[in-house]
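Working notes, beginning with the structure itself.
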Amino acid sequence: MKKNYVIIFIFLFTFLSCEKDDICVETTTPNLIIKFYDNDDSTAIKQITGLTVWADSKDSIYVDKSLDSISIPLNLNENFTKYIVESNNIKDTIKFTYNRNDIFVSRSCGYKTIFENFQIESNTSNWIKNISIINSTIDNEKAAHIYIFH
Amino acid sequence: MRKQHIFIYFISILFTISVNSQEKIDTVKTKESYGIRIGLDISKPITSFLDNNTNGYEFVGDIRVFKNYYAAVELGFSNKTTIEDYLNFTTKGSYFKAGFNYNAYKNWKGMNNEIYIGLRYGLSFFNQTLNSYTPHVKGTYFIPNTLEPNTEFKDLTAQWIEIVFGMKVETFKNLYLGVSVSFNNMLNTKEPENFKNLYVPGFNRVFLNNAGVGFNYTLSYLIPIFKKEEK
């Protein structure tokens, strides 16, 4: 009988020690994913050369890169973010607007922010030909949220 | 010569066994107290004093129903602020636990100690207040501000079961010191909207797999009602 208690004790302790909720492992606040397409052929992905990206009055996230898609964070303290996207020293400015919604994730991650009613309030068109919003709710990073044609 | 030694050895073993088995069973009868035992958890006021974020008390009581079985209850109140990396919340509420203990300890005559295993049903009514949180983001490009919504989630409930292991020692006549640990498993909870019951009064921290652990250190007094003769 006493041996059984010992076994139950050991079992329960191992059972409880398996907890892993102190480290945040869930996906949280998503980034905005932009994919670049050819303006002449809207199904063809077209790489951008000499790409430099930064948010208004912030440091660059990408510097002089050649890419066909980028992942950029949105400002969680405002309902807008202004980005400057430069390709071969030609600058274009895009202003995104959105509503923020905080969703509970877990003890260790706390809350994540998702962006709803995502819109482009304004943009310049120096090298950008067209922008289309694919998904106006940004709640994951599985697919591109906007396409930029150039 | 050697065989003879072995033979004597076996004979002697048989002899001692047979002697032991002939020992008379002790038939001295003693009286054991039955009654209501009430007390309080003295670890909770101590932790309340040491930790500003924790405040609580717990009363305990049990009645000896049969020789080794005790019906047991615990009643308590808890007000605790939990601080996590991205969250800060306060849980406030009361709880009630009821069940039984089985004493597995064979006492010597005249002693009333217990080493027990028990089962409890737990019920809690509480409120959660989300004091503040910081949205979780990867990287440090935009650093989010900490928000203080102070949202109060009212009228939450939780029900659970506990397996209790503990012991009680009679230190002075009718005065008992007890210590126990419990392993809790949540049955159901009324969860707040867009938040979670991460702490429940009486259950304590709610782990990912709905498990929890409890601990108490009690001082209790037995009010004897009648005495029963035990063999």
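The values are calculated or read from the model by the stated rules, or taken from the named source; none is laboratory data. Just so it is clear, the structure is predicted and the values come from calculations on it, not from any experiment. Cβ sites come from the backbone with ideal geometry, for glycine too, and all protein chains shown count toward neighbours.
Observations on the model:
- For the range B:190-231, the set of residues classified as more than 22 Å from B:Y133 (Cβ to Cβ), assigned to a strand (DSSP E or B) and at the interface with another protein chain (Cβ under 10 Å from one of its Cβ atoms) consists of B:A211, B:G212, B:V213, listed by residue number.
- Subset of the range A:104-116 that is surrounded by 19 or more Cβ atoms within 10 Å (Cβ to Cβ) and hydroxyl-bearing (S, T, Y) - its residue that is farthest from the other protein chains (Cβ to nearest Cβ): A:S106
Per-residue answers, yes or no, for (1) surrounded by fewer than 15 Cβ atoms within 10 Å (Cβ to Cβ); (2) of a type in the set (S, T, N, Q); (3) at pLDDT below 85:
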site	(1), (2), (3)
B:I6	yes, no, yes
B:Y9	yes, no, yes
B:I25	yes, no, yes
B:G61	no, no, no
B:F66	yes, no, no
B:E84	no, no, no
B:W108	yes, no, yes
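- Residue in the range A:11-24 that is within 30 Å of B:F215 (Cβ to Cβ), at pLDDT 90 or above and facing another protein chain (nearest Cβ under 10 Å) present: no
- Going through (1) under 21 Å from B:V73 (Cβ atoms); (2) out of contact with any Gly (no Cβ under 9 Å at 6 or more places or on another chain); (3) in contact (Cβ under 8 Å) with a residue 60 or more places away in the chain; (4) among the charged types (D, E, K, R) one by one, B:E162 falls short only on (2).
Residues checked against (1) within 14 Å of chain B (Cβ to nearest Cβ); (2) touching a His at 6+ places or on another chain (Cβ under 9 Å); (3) in contact (Cβ under 8 Å) with a residue 24 or more places away in the chain:
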position: A:F36; (1), (2), (3): no, yes, yes
position: A:D41; (1), (2), (3): no, no, no
position: A:I48; (1), (2), (3): no, yes, yes
position: A:A55; (1), (2), (3): yes, no, yes
position: A:N75; (1), (2), (3): yes, no, no
position: A:F118; (1), (2), (3): no, yes, yes
position: A:T124; (1), (2), (3): no, no, yes
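- B:I143, sole failed condition from (1) part of a strand (DSSP E or B); (2) surrounded by fewer than 17 Cβ atoms within 10 Å (Cβ to Cβ): (1)
- Which numbered condition B:F183 fails, given (1) over 18 Å from B:T90 (Cβ atoms); (2) without any contact (Cβ under 8 Å) to a residue 40 or more places away in the chain; (3) more than 13 Å from the chain's Cα centre (by Cα): (3)
- Residues that are in contact (Cβ under 8 Å) with a residue 24 or more places away in the chain and closer than 17 Å to B:I143 by Cβ were ranked within the range A:57-73; the one that is nearest to the other protein chains (Cβ to nearest Cβ) is A:P73.
- In this structure, A:N101 does not satisfy being in a loop (DSSP other than H, G, I, E, B) and either surrounded by 13 or more Cβ atoms within 10 Å (Cβ to Cβ) or in contact (Cβ under 8 Å) with a residue 12 or more places away in the chain (or both).
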